[in-house]
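The values are calculated or read from the model by the stated rules, or taken from the named source; none is laboratory data. Predicted model, so just to flag it, every value in this text is computed and none were measured. Please note: Cβ atoms are built from the backbone with ideal geometry, for glycine as well, and neighbour counts cover all protein chains shown.
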Amino acid sequence: MKYKRILLKLSGEALMGERQYGIDPKRLAEYAEDIKAVTEKGIEVAIVIGGGNIFRGVAGASKGMDRVQSDHMGMLATVINGLALQDALEAADVKTRLQTAIKINEVAEPFIRRKAMSHLRKGRVVIFGGGTGNPYFTTDSAAVLRAIEVEADVILKGTRVDGIYTADPEKNTDAVKYDHISFDDVLSKGLKVMDTTAFTLSQENELPIIVFDMNTRGNLMKVVSGDDSIGTTVN
Ligand code: UDP
């Protein structure tokens with residue numbers, strides 16, 4: 001295995017599967033099985049989960065809501081997804097802990113870095129909910145922040161597309177996938193990998209990002225075992 005400790009970022013939208021909204025239990029169960037397989041190889045797995053399948057702060061604000069209030073709703077949406085993912089992993093017999101950036105002590109542990117690292121060392125999957133706990137941030141920023149804090153070797157951004165392309169592959173049939181690209185080239189070519197805050201934080205801390213298609217079963221295992229034909233590596 002190429003990596004010892006990974007931070008997997010899953011968007012909320014990924015959990016929708018074929019649906020338009022909410023959580024697809026089948027998709028969740030597939031993710032749980034793929035995550036279980038890598039834990040069985042001794043990989044330590046931390047996960048940051050998004051909330052876009054339920055609520056996004058900017059969407060509320062665009063309809064006249066107070067942005068901070070709206071972002072609080074978005075952060076709580078990530079906690080809902082975190083609970084669902086925790087349930088699916090536990091059903092697959094994977095030991096987990098959910099830690100949240102906003103305290104909800106009755107349902108999850110608060111984020112405590114040393115505790116999170118201790119769970120990881122014990123082989124428990126740690127799910128981080130609530131983003132960074134601050135409005136105006138994204139769960140991509142939370143993913144980079146938590147990855148640095150828990151000293152993950154890499155961020156694996158699981159998406160619907162199989163990597164970074166020269167242009168949007170869903171709109172442009174001539175688009176070509178990069179197997180590997182530098183942080184500087186992503187910026188100079190104006191490619192979209194994560195929002196700027198998250199991307200810069202990763203670059204400054206020399207934390208590689210791999211963008212890959214999490215919806216193809218077995219891809220997660222291939223990525224952690226160092227198969228660089230899967231996805232795009234940014235470093
Ligand atoms: N959010 C926030 N602070 C954070 C992370 C998330 O306020 O640190 C809110 C924000 O409103 C965002 C929503 O939570 O729109 C859901 O997160 P995100 O859009 O990153 O989810 P994803 O696109 O990955 O599903």
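Here Ala101 does not qualify as more than 8 Å from the ligand (Cβ to nearest atom) and either farther than 29 Å from Pro208 by Cβ or buried (at least 19 other Cβ atoms within 10 Å of the Cβ) (or both).
Quick one: would you say Lys26 is within 23 Å of Ser202 (Cα to Cα), more than 8 Å from the ligand (Cβ to nearest atom) and basic (Lys, Arg)? So Lys26 does not fit the description; no.
The residues of the range 111-141 that are away from the ligand (no atom under 15 Å from the Cβ) and of a type outside the set (A, V, I, L, M, F, W, C), listed by number, are Arg113, Arg114, Lys115, Ser118, His119, Arg121, Lys122, Gly123, Arg124.
Pick from the range 1-23 the residues that are outside any loop (DSSP other than H, G, I, E, B) and not basic (Lys, Arg): which of them is nearest to the ligand (Cβ to nearest atom)?
Going through the range 1-23, the residues outside any loop (DSSP other than H, G, I, E, B) turn out to be 5-10, 13-16.
So of that shortlist, the ones also not basic (Lys, Arg) come out as 6-8, 10, 13-16.
Numbers: Ile6: 17, Leu7: 14, Leu8: 12, Leu10: 8, Glu13: 5, Ala14: 8, Leu15: 8, Met16: 10 Å.
Taking the candidates together, the pick is Glu13.
Only residues that are touching a strand residue (DSSP E or B) at 6+ places or on another chain (Cβ under 8 Å) and either farther than 21 Å from Ala14 by Cα or among the aromatic types (Phe, Trp, Tyr) (or both) were counted in the range 78-96, giving 1.
Does any residue of the range 142-153 turn out to be surrounded by fewer than 23 Cβ atoms within 10 Å (Cβ to Cβ), over 20 Å from Thr100 (Cβ atoms) and either within 16 Å of the ligand (Cβ to nearest atom) or under 19 Å from the mean Cα position of the chain (by Cα) (or both)? Within the range 142-153 (the criterion being surrounded by fewer than 23 Cβ atoms within 10 Å (Cβ to Cβ), over 20 Å from Thr100 (Cβ atoms) and either within 16 Å of the ligand (Cβ to nearest atom) or under 19 Å from the mean Cα position of the chain (by Cα) (or both)), the answer is yes, since at least one residue qualifies. Within the range 54-69, being of a type in the set (Gly, Ala, Ser) and within 6 Å of the ligand (Cβ to nearest atom) holds for one residue alone: Gly57.
Evaluated against (1) in contact (Cβ under 8 Å) with a residue 60 or more places away in the chain; (2) over 24 Å from Asn105 (Cβ atoms); (3) near the ligand (Cβ under 10 Å from one of its atoms), Ala77 falls short on exactly one condition, (2).
For Ile127, the requirement of being modelled with pLDDT of 95 or more and in contact with a Pro (Cβ under 9 Å, 6 or more places away or on another chain) is not met. The set of residues in the range 35-55 being surrounded by fewer than 19 Cβ atoms within 10 Å (Cβ to Cβ), touching a residue at least 12 places away in the same chain (Cβ under 8 Å) and among the charged types (D, E, K, R) consists of Lys36, Lys41.
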